[in-house]
Amino acid sequence: MSEAAVERDPLLEVDGLNRRFGGLHAVAQVSFGVPRGAIKAVIGPNGAGKTTLFNLISGFLKPTSGRAFFEGENITELKAFEVARRGMLRTFQNVRLCQGMTVLENTKLGRHTRSRAGFLAGALNLPWTRREEREIEERCIVILDMLKLADARDQEVGSLPFGRQRAVEFARALAAEPKLMLLDEPASGLNVHETEELARLIQRIRQMGTTILLVEHDMSLVMDISDEIVVLNYGRKIAEGRPADIQRNEEVINIYLGGENT
């Protein structure tokens, strides 16, 4: 780990990650840290390696070389479910909800990953399992209230606008009490009004104590909510810094305005 990263005490540290697919170097020597409590964005043109990087961090892919550390623990060789158990949860570009279930029921699915009751105990309807179920529901209602979803808790998620379905996906993830949320293209498919609400939603999640790392194409959203930004191009990190610094970076400007790699 670099001295700068140690001094900042990052929640997540990416150290020289590489991933090759045959002759393609999808991610090449990428390093950065995510400070605890921050909103950090990863941006870059299509094909820059952003989703591959997320897959490496979250355990869906193994790197060709390099390491990732979460709270100081080397998680490079862990499977995705093992990474999630440590408090790093990921959402995907396409909303993945149980459409026939209500908002509250979907949210409770996230909380059940932390429950003690197994299938047999639940089937026997033991007193302690009923108590735990009440506690799960109460906690989920609090989360829905914080995310401005309490009014829809008994509605089937399939009846909600796409933007609110995205919010339910976040609520389900928050029910598992993540320390870090990886958001993959959260503004995908949203209109201008929904994107503005998404910005407020992400800021509320951070205020609840969750650190956020997101991949996003919407530059106005990224510049509005991010504390720090990492820029990738052809799998390599070409810039990192605060939004104002990234906006002035000539190499970044050339990529986005010069038509490279689009």
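The values are calculated or read from the model by the stated rules, or taken from the named source; none is laboratory data. It should be emphasised that the depicted structure is a prediction, and the values quoted were computed from it without experimental measurement. So basically every Cβ, Gly included, is an ideal-geometry build from the backbone, and we count neighbours across all protein chains shown.
Out of G100, G122, G118, G110, I need the residue that is at pLDDT below 90, farther than 24 Å from L213 by Cβ and either of a type in the set (K, R) or in contact with a helix residue (DSSP H, G or I) (Cβ under 6 Å, 6 or more places away or on another chain) (or both). Which one?
Criteria check complete, one pass: G122.
Just the residues that are buried (at least 22 other Cβ atoms within 10 Å of the Cβ) and within 18 Å of the chain's Cα centre (by Cα), please, taken from segment 223-251.
Answer for segment 223-251, where residues must be buried (at least 22 other Cβ atoms within 10 Å of the Cβ) and within 18 Å of the chain's Cα centre (by Cα): S226, I229, V230, V231, L232.
Report every pair of residues separated by at least 6 positions or lying on different chains whose Cβ atoms are under 6 Å apart, first residue within segment 234-249 and touching a residue at least 12 places away in the same chain (Cβ under 8 Å), second part of a loop (DSSP other than H, G, I, E, B).
G235/G49; A239/N249; P243/S226
Just to be sure, is L144 hydrophobic (A, V, I, L, M, F, W, C) and under 22 Å from L53 (Cα atoms)?
Criteria not met by L144.
Only one of these is of a type in the set (D, E, K, R), closer than 30 Å to D145 by Cα and part of a helix (DSSP H, G or I): D224, D245. Name it.
D224
Scan segment 164-176 residue by residue and report those that are in contact with a Ser or Thr (Cβ under 8 Å, 6 or more places away or on another chain), of a type in the set (G, A, S) and either in a helix (DSSP H, G or I) or surrounded by 19 or more Cβ atoms within 10 Å (Cβ to Cβ) (or both).
Within segment 164-176, A171, A173, A175 meet the criteria.
Being at positive phi, in a strand (DSSP E or B) and over 18 Å from the mean Cα position of the chain (by Cα), is that true of even one residue in segment 15-35?
Within segment 15-35 (the criterion being at positive phi, in a strand (DSSP E or B) and over 18 Å from the mean Cα position of the chain (by Cα)), the answer is yes, since at least one residue qualifies.
Please state which one of L180, L174 is at pLDDT 95 or above, within 29 Å of I75 (Cα to Cα) and in contact with a Leu (Cβ under 8 Å, 6 or more places away or on another chain).
Unique residue meeting the criteria: L180.
Kindly evaluate L198 against the criterion of being crowded, with 20+ Cβ neighbours inside 10 Å, assigned to a helix (DSSP H, G or I) and without any contact (Cβ under 8 Å) to a residue 60 or more places away in the chain.
The answer is yes for L198.
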